[in-house]
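Visitor: Just passing along the structure, written as structure tokens.
The values are calculated or read from the model by the stated rules, or taken from the named source; none is laboratory data. It should be emphasised that the depicted structure is a prediction, and the values quoted were computed from it without experimental measurement. Cβ placement follows ideal geometry from the backbone for every residue including glycine, while neighbour counts extend to all protein chains displayed. Accessible surface areas use protein heavy atoms only, side chains included; no ligands, DNA or RNA. Shrake-Rupley method; radii C 1.70, N 1.55, O 1.52, S 1.80 Å.
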Amino acid sequence: MSATTQTPKAKAPDSRTTSKGARLLGDRRLPVLVTATLFLAMYVAGLSRYTNYGFGEPQVFLNLFIDNGYLLVAAVGATFVILSGGIDLSVGSVIGFTTMLTAWLVEKQGLPILVVIPIALGVGALGGFLMGYVIHNFEIQPFIVTLAGLFLFRGLCLVISKESIAIDDSSVSSMAQAQASLGMGFLSIGAIVALVVLAVAFYVLHYTRFGRRVYAIGGNEQSAMLMGLPQGGTKIAVYTVSGFCSALAGLLFTLYIQSGDPLHATGMELDAIAAVVIGGTLLTGGSGYVLGTLFGVLVLGLIKSIIQFEGTLSSWWTKIATGVLLCAFILIQRAMTTRRKT
């Protein structure tokens with residue numbers, strides 16, 4: 001009898017390791033966890049590098065909310081739009097227009113700031129409503145419609161004034177300088193408003209019927225239509241929310257700068273979109289968390305703070321770092337969407 005020789009079989013990959021990796025890529029919370037981990041890593045690195053410069057002071061951390069409160073509000077509005085599968089390029093122009101309108105009404109027309117605030121918010125919400133209406137009823141791409149809104153609101157800034165308008169009103173100054181003591185530090189009114197907006201957005205997106213509609217339309221518009229969800233009303237509503245948040249961000253930016261200028265917030269729509277994407281919201285819509293947007297804003301703010309503490313780096317490194325992070329998170333999103341399809 002001749003002995004039969006058997007060739008050794010190739011070792012199969014461990015199915016448990018493969019399934020764990022697949023589950024990890026398929027977890028919708030992965031981008032948020034990555035962003036939160038990145039923020040913590042950057043903060044710890046700052047603590048170790050700038051110990052002698054006061055980086056570990058609680059107020060330095062709170063300043064991230066004070067200096068970026070207006071961006072957080074704008075990014076929250078952009079989160080609604082991107083979750084629905086759209087895009088809003090008019091955010092920065094609406095913010096700039098709000099600063100000009102507020103400064104003009106307060107300084108040139110003599111209106112009290114408490115009267116100007118609802119006017120500015122109403123104009124922003126109306127602008128968002130009109131853009132959403134055109135997008136839905138005329139079936140035009142959001143990119144085109146909001147690009148038109150970008151030029152429109154930036155042009156309206158120049159119609160009001162070609163020069164900067166400083167605000168010397170005492171009530172505006174008192175609001176800008178008001179602080180809420182937290183024992184270990186303080187927060188400005190703008191930071192508090194931003195956190196309230198974040199909390200409201202979190203509740204709306206995760207605990208209301210409107211929030212579920214936003215996720216459903218962004219995830220699969222055809223399926224949402226077959227389920228009988230009101231697509232038109234939801235689309236118009238998310239752009240109205242974005243316009244309202246942009247105007248509110250403009251008011252907070254006015255308190256932060258205490259002036260109106262036709263060039264204020266130029267390109268801030270890109271910062272808001274970057275914060276949303278870095279926070280883990282898919283650009284294709286249907287997946288993301290508003291808390292991720294918070295971490296996205298904090299990461300961008302922390303990059304600016306580290307550059308300031310470093311002292312030898314140009315402010316342009318903020319843009320470079322933002323671009324690198326965007327590329328990294330887009331690749332993560334790509335891997336996640338590919339895994340879900342397979």
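Visitor: So the check is Cβ under 8 Å with 6+ separation or different chains; which pairs have a first residue in segment 169-187 that's closer than 24 Å to Gly260 by Cβ and a second one that's open to solvent by 30 Å² or more (accessible area, probe 1.4 Å) and among the charged types (D, E, K, R)?
Guide: As it stands, the answer is Asp169/Glu107, since those pairs meet every condition given.
Visitor: Here is a further query. Could we say that Leu298 is at pLDDT 95 or above and among the hydrophobic types (A, V, I, L, M, F, W, C) here?
Guide: For Leu298, the condition - at pLDDT 95 or above and among the hydrophobic types (A, V, I, L, M, F, W, C) - is met.
Visitor: Among the residues of segment 198-207, which ones are open to solvent by 10 Å² or more (accessible area, probe 1.4 Å) and either among the β-branched types (Val, Ile, Thr) or under 24 Å from Leu255 (Cβ atoms) (or both)?
Guide: Leu198, Ala199, Val200, Phe202, Val204
Visitor: Additional query: Hey, among the residues in segment 95-121 that are among the small types (Gly, Ala, Ser) and touching a residue at least 40 places away in the same chain (Cβ under 8 Å), which one's nearest to Gly155 (Cα to Cα)?
Guide: Selected residue: Gly96.
Visitor: Next up: I need a count of the residues in segment 294-308 that are closer than 19 Å to Leu198 by Cα and open to solvent by 20 Å² or more (accessible area, probe 1.4 Å).
Guide: 2
Visitor: If the Cβ limit is 9 Å and pairs must be 6+ apart or interchain, which residue in segment 305-329 that is over 18 Å from Asn52 (Cβ atoms) and assigned to a helix (DSSP H, G or I) pairs with which residue that is modelled with pLDDT of 90 or more and acidic (Asp, Glu)?
Guide: Thr322/Asp271
Visitor: Hey, can you tell me all the residues within segment 161-192 that are among the aliphatic types (A, V, I, L, M), exposed (fewer than 14 other Cβ atoms within 10 Å of the Cβ) and in contact with a strand residue (DSSP E or B) (Cβ under 6 Å, 6 or more places away or on another chain)?
Guide: Result: Ala166, Ala180.
Visitor: I'd like to know if segment 26-41 contains one or more residues that are in a helix (DSSP H, G or I), modelled with pLDDT under 80 and out of contact with any Phe, Trp or Tyr (no Cβ under 8 Å at 6 or more places or on another chain).
Guide: yes
Visitor: Out of Ala216, Ala272, Ala247, which single residue is in a helix (DSSP H, G or I), open to solvent by 10 Å² or more (accessible area, probe 1.4 Å) and either in contact with a Cys (Cβ under 8 Å, 6 or more places away or on another chain) or of a type in the set (A, V, I, L, M) (or both)? Before the answer, list the steps.
Guide: On the way: Ala272 fails: open to solvent by 10 Å² or more (accessible area, probe 1.4 Å); Ala247 fails: open to solvent by 10 Å² or more (accessible area, probe 1.4 Å).
Just one listed residue meets the conditions, Ala216.
Visitor: Further question: Sort through Leu158, Leu195, Leu130 and tell me the only one that's free of Cβ contacts under 8 Å to residues at least 24 places away in the same chain, surrounded by fewer than 19 Cβ atoms within 10 Å (Cβ to Cβ), on the phi < 0 side of the Ramachandran plot and part of a helix (DSSP H, G or I).
Guide: Details: Leu158 fails: free of Cβ contacts under 8 Å to residues at least 24 places away in the same chain; Leu195 fails: free of Cβ contacts under 8 Å to residues at least 24 places away in the same chain.
Sole residue among the options that is free of Cβ contacts under 8 Å to residues at least 24 places away in the same chain, surrounded by fewer than 19 Cβ atoms within 10 Å (Cβ to Cβ), on the phi < 0 side of the Ramachandran plot and part of a helix (DSSP H, G or I): Leu130.
Visitor: Follow-up question, since we're still on this one. Which ones in segment 112-124 are open to solvent by 20 Å² or more (accessible area, probe 1.4 Å) and either of a type in the set (Gly, Ala, Ser) or farther than 15 Å from Gly77 by Cα (or both)?
Guide: Pro112, Leu114, Val115, Ile117, Pro118, Ile119, Gly122, Val123
Visitor: Here is a follow-up. Could you give me the residue pairs with C-beta distances under 6 Å whose first residue belongs to segment 234-253 and is of a type in the set (Val, Ile, Thr), whose second residue is surrounded by fewer than 24 Cβ atoms within 10 Å (Cβ to Cβ) wherever it lies, and which are 6+ apart or on separate chains?
Guide: Close Cβ pairs satisfying both conditions: Thr234/Arg213; Ile236/Tyr133; Ile236/His136; Thr240/Ala125; Thr240/Phe129.
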